[in-house]
Amino acid sequence: MNSVTLGGSLLLSVKRDIETMRTRGAAEIGKQAALALAHAAQAYHGDSVVGLQVDLIEAARLLASARPTAVTLRNALNHVLSALDGARTVSTARAQLRRSAQAYVRDVEAAKGLIAAAGAKLLRTDRAVLTHCHSTLAQAVLVEAARKNRRLRVFSTETRPFRQGLITSRNLAQAGVDVTLILDSAATYILETEKVSKIVLGADTITADGTVYNKIGTRQLCIVAQHLKVPVLVCAETQKFSPYSLRGEPVPIEERNAREVADPEDVPGVRIRNPVFDATPPRYVHRYVTEKGVLESKRVRPFAERLFRDVTLWI
Ligand code: RUB
């Protein structure tokens, strides 16, 4: 390990928190990784900016390995690493890294407010909507929508095995939203019987063709939604779009420890699998709600090309 990772005990604890999902959700892991990388620069003992850059790239790769599916992690780290451009001394570089990480966090927070307003406009007349997992962006849209449209009811799936739906439900209830927690397997029943008119989701990664990588179960929910003619809104700040997909890189699907699903001793002789994300093709997505506008799938590629035109991919 290099001086940055050796000295950066905070970096290693942030990585552990992301791996164990103490810190979770694509937006949050990006923000925490950005701050941790800027902080790690403090542990560099050399006096060469190039040496610092080499160490930070290694540290960024280490952080990025904590969870492979959400591109926000790598987008955030690339953003911070770009702050090294033009730095002549290590102390200038450190200051630039800190400012860049803080700006990243501010931008993601500001994006949430804009997305909440844009998403709420699309839910002005809905009576019942459904969300899956816990997305801070989808949650912000639902809170804002319910503030404007008092008749709105939200159904929130439990989201096995990690039960992020409980976080969503608690947060929505605290914000005064009429929310009902349901089993994942109750989604089709609820969509039909409660006349759900929209599905509101977040995203971990959106590729150039508009494919949405989000919590496992998203795809089957969207297939059912299309069958029942229920439009799907994906609420995602621009950091969810993948520059790597523009060069054709596939998105890895994280598969977590089987023990999150069941104790192997309770099911002897049984193999257990725990893929935690899946890919939903663009034909199932009605709109992508971003801080830079509401998009249809055919606009995603030019949008992503514009976003990442001048971005350097350090990792
Ligand atoms: C969380 C999840 C969320 C996205 C978007 O998965 O799939 O829908 O990360 O969240 P996990 P946000 O709990 O495994 O991290 O809108 O907060 O970025």
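The values are calculated or read from the model by the stated rules, or taken from the named source; none is laboratory data. Not measured: the values here are computed from a predicted model. Neighbour counts are summed over all protein chains in view; Cβ atoms, including those assigned to glycine, are modelled from backbone coordinates with ideal geometry.
Here are the numbers:
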{"quantity": "Residue in segment 103-115 that is in contact (Cβ under 8 Å) with a residue 40 or more places away in the chain and more than 18 Å from the chain's Cα centre (by Cα) present", "calculated": "no"}
{"quantity": "Test: residue in segment 136-144 that is surrounded by 16 or more Cβ atoms within 10 Å (Cβ to Cβ) and closer than 22 Å to His39 by Cβ", "calculated": "no"}
{"quantity": "Residue match in segment 19-29 (condition: within 15 Å of the ligand (Cβ to nearest atom), of a type in the set (Val, Ile, Thr), part of a helix (DSSP H, G or I) and at pLDDT 95 or above)", "calculated": "yes"}
{"quantity": "Whichever residue in segment 242-291 is in contact with a strand residue (DSSP E or B) (Cβ under 9 Å, 6 or more places away or on another chain) and among the β-branched types (Val, Ile, Thr) and, among such residues, is nearest to Arg74 (Cα to Cα)", "calculated": "Val251"}
{"quantity": "Where Leu123 falls short, out of the listed (1) out of contact with any strand residue (DSSP E or B) (no Cβ under 9 Å at 6 or more places or on another chain); (2) more than 16 Å from the ligand (Cβ to nearest atom); (3) in contact (Cβ under 8 Å) with a residue 12 or more places away in the chain; (4) not in a helix (DSSP H, G or I)", "calculated": "(1)"}
{"quantity": "Residue list for segment 200-226, filter: within 17 Å of the chain's Cα centre (by Cα), more than 20 Å from Leu307 (Cβ to Cβ) and more than 10 Å from the ligand (Cβ to nearest atom)", "calculated": "Val200, Arg219"}
{"quantity": "Some residue of segment 175-195 being part of a strand (DSSP E or B) and within 15 Å of the ligand (Cβ to nearest atom)", "calculated": "no"}
{"quantity": "Yes/no for Gly46 being modelled with pLDDT under 95 and either part of a loop (DSSP other than H, G, I, E, B) or within 16 Å of the ligand (Cβ to nearest atom) (or both)", "calculated": "yes"}
{"quantity": "Which listed residue is closer than 15 Å to Gly25 by Cβ and among the hydroxyl-bearing types (Ser, Thr, Tyr), from Thr188, Thr180, Thr168, Thr157", "calculated": "Thr168"}
{"quantity": "Residue tally, condition away from the ligand (no atom under 16 Å from the Cβ) and either under 22 Å from Val105 (Cβ atoms) or part of a loop (DSSP other than H, G, I, E, B) (or both), over segment 55-72", "calculated": "6"}
{"quantity": "Index of the failed condition, Ala117 passing every other in (1) within 20 Å of Gly25 (Cβ to Cβ); (2) within 16 Å of the ligand (Cβ to nearest atom); (3) not in a loop (DSSP other than H, G, I, E, B)", "calculated": "(1)"}
{"quantity": "Subset of segment 227-253 [within 16 Å of the ligand (Cβ to nearest atom), surrounded by 17 or more Cβ atoms within 10 Å (Cβ to Cβ) and in contact (Cβ under 8 Å) with a residue 60 or more places away in the chain]", "calculated": "Leu233, Cys235, Ala236, Glu237, Thr238, Gln239, Lys240, Phe241, Ser242, Val251"}
{"quantity": "Any chance Arg170 is at pLDDT 95 or above, more than 14 Å from the ligand (Cβ to nearest atom) and within 20 Å of Arg22 (Cβ to Cβ)", "calculated": "yes"}
{"quantity": "Candidates Arg150, Arg163, Arg124, filtered to the one that is under 24 Å from Glu260 (Cβ atoms) and out of contact with any Ser or Thr (no Cβ under 9 Å at 6 or more places or on another chain)", "calculated": "Arg163"}
{"quantity": "Among (1) closer than 23 Å to Glu255 by Cβ; (2) away from the ligand (no atom under 16 Å from the Cβ) - the single one Leu52 does not satisfy", "calculated": "(1)"}
{"quantity": "Given (1) within 16 Å of the ligand (Cβ to nearest atom); (2) buried (at least 20 other Cβ atoms within 10 Å of the Cβ); (3) over 18 Å from the mean Cα position of the chain (by Cα), index of the condition Asn75 fails", "calculated": "(3)"}
